[in-house]
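Structure record follows, encoded as structure tokens.
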Amino acid sequence: MRAGIRRGLALAARTVALITFIWCAGGAAGWAQVPIASQRDTCPAPPTHVEVKTRVTPVAVSTDLTLGQINAMAQRSRQPLRHMPYGFYLGRVWYAFVIHEAPGTVQGCAPGFQIDADLALIDRHIEIASDLKANTCRFQTVLKHYEDHANADKRAFNEFAATVPTRVHAVLAGMAPKTPIGKNISRLDVNAAFNKVLAVMDTMRQTVQAAVDNPSEVARLTHPSCAV
């Protein structure tokens, strides 16, 4: 199965970034920096600092849906299936950020900025078809399969999250030549940078999830001794 559910009950492994903007000035909309009146010829490039704290929430397991309900959800998702859906794993990526003026800004020059962000893999859930509870062998086999999906997603998230500060910094730096020196960084700039970076994470998570459903794993999942 894929890594998450996007917009409802579609069984697709997609990164869902629910964005919360937290502003030092009490949440008022507008630019994150104070405009400057002039630009000195000797001004250095405005410094950029990006710090990201990460966390991963525990996985909850439930058996609230039947095989028929889970199969119907899979069919509605129109996603290719690598095996019969006996359940699913889902998780989503959430982030929030605060923008500060960076310390060490040179007087009379464009202010630098610092982004402090929280990045989390949350709402992690494994659903196993309730029909399987009567067959301990099948239930444990299926549970192990979706635990493998959950663990793979966690590893992929942690691995990629370590690169997010550098990636976001690079995207923001790439915006600079398109605008006059001293342009203030807006919430939309930062939002766009995170969305671009997390789209890459999204692709990585999907790739990792597909790798879990390798031929040997699918064969183990459908072993005759655990047939329904």
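Every number here is computed from the coordinates shown, using simple stated rules; none is lab data. Being a predicted model, the structure only gives us computed values, none of them experimental. Positions of Cβ are backbone-derived with ideal geometry, glycine not excepted, and every protein chain shown enters the neighbour counts.
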Normalised by the residues of the range 46-118, what does the relative contact order come to in percent, with Cα pairs under 8 Å and at least six apart?
51
What number do you get for the range 114-214 when its Cα radius of gyration is normalised by 2.2 N^0.38 Å, N = residues?
1.53
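What is the calculated FRET efficiency for Val218 to Glu51, with r their C-beta to C-beta distance and R₀ = 41 Å, to the nearest 0.05?
Working from the Cβ atoms, E equals 0.50.
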The simple spin-label model distance between Leu188 and Thr66, using points 7 Å out along Cα→Cβ, in nm, is 5.0
Name the residues whose placed amide hydrogens come within less than 5 Å of the amide hydrogen of Val50, ignoring near sequence neighbours (fewer than 5 apart) on the same chain.
Ile115
